[in-house]
1. Counting only residues 5 or more places away or on other chains, whose amide H sits under 5 Å from the amide H of V84 once H atoms are built in the peptide plane?
2. How would the stretch 1-48 be classified by its alpha-carbon gyration tensor: rounded, prolate or oblate, with rounded meaning a/c under 1.5 and the a/b versus b/c comparison settling the rest?
3. Which GluC sites (Glu not before Pro) in the stretch 22-59 pass both tests, a DSSP loop state and at most 11 other beta-carbon atoms within 10 Å?
4. Between V45 and Q31, what length comes free when the chain is fully extended (0.36 nm per residue of separation minus the Cα-Cα distance, one decimal in nm)?
5. Between the stretch 1-61 and the stretch 70-85, how far is it from one alpha carbon centroid to the other, in angstrom?
6. Which percent of the accessible heavy-atom area of the chain goes to carbon and sulfur, probe 1.4 angstrom?
7. Residue by residue through the stretch 21-28, which ³J(HN,Hα) values in whole Hz follow from phi under the Karplus form 6.51 cos²θ - 1.76 cosθ + 1.60 (θ = phi - 60°), with glycine and proline marked x?
8. Does the chain come out rounded, prolate or oblate by the C-alpha gyration tensor, with a ≥ b ≥ c the root eigenvalues, rounded set by a/c under 1.5 and, if not, prolate when a/b is larger than b/c and oblate if not?
Amino acid sequence: MPAISRDEVAHLARLSRLALTDAELDEFAGQIDGIINHVQDVQEVAAADVEPMSHPSSLSGVMREDVVKPTLTAELALDQAPSVEDERFEVPQILGEEE
């Protein structure tokens with residue numbers, strides 16, 4: 001026995017203000033019945049002992065340790081720059097703004 005009848009689809013169509021033909025009512029009744037059957041199949045899966053998770057695979061250990069390492073000093077970073085001003089890279093003006 002179908003989970004949803006053609007009359008129920010017609011009622012839903014009226015509530016939704018959709019004008020459906022007889023062929024469309026028959027087609028949609030079959031499609032909605034198929035969807036309901038698939039949902040019931042999914043609900044029958046024995047998943048009581050399956051822990052809910054937010055990702056399909058384990059995400060443990062995806063972050064590296066936050067370790068402080070030596071970095072360039074300002075002098076080393078700027079020593080190859082074509083132009084330096086006030087211990088910063090000096091770049092050409094591009095927006096046409098006055099200083």
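The values are calculated or read from the model by the stated rules, or taken from the named source; none is laboratory data. Keep in mind the model is a prediction, meaning the values are calculated, not measured. Quick reminder, even Gly has a Cβ in these numbers, built from the backbone with ideal geometry, and neighbours come from all protein chains shown. Ligands, DNA and RNA are excluded from the accessible area calculation, which covers all protein heavy atoms including side chains. Shrake-Rupley method; radii C 1.70, N 1.55, O 1.52, S 1.80 Å.
1. E90
2. On the way: a/c = 3.46, a/b = 2.56, b/c = 1.35.
Prolate.
3. On the way: sites: E24, E27, E44; in loops: E44.
Answer in residue order: E44.
4. Details: separation 14, 0.36 × 14 = 5.04 nm, distance 2.19 nm.
So the chain would gain 2.8 nm between V45 and Q31.
5. The distance from the Cα centre of the stretch 1-61 to that of the stretch 70-85 comes to 63 Å.
6. Details: 5380 of 9530 Å².
Here it works out to 56 percent.
7. Coupling constants for the stretch 21-28: 7, 4, 5, 5, 4, 5, 5, 5 Hz.
8. On the way: a/c = 7.58, a/b = 2.26, b/c = 3.35.
Oblate.
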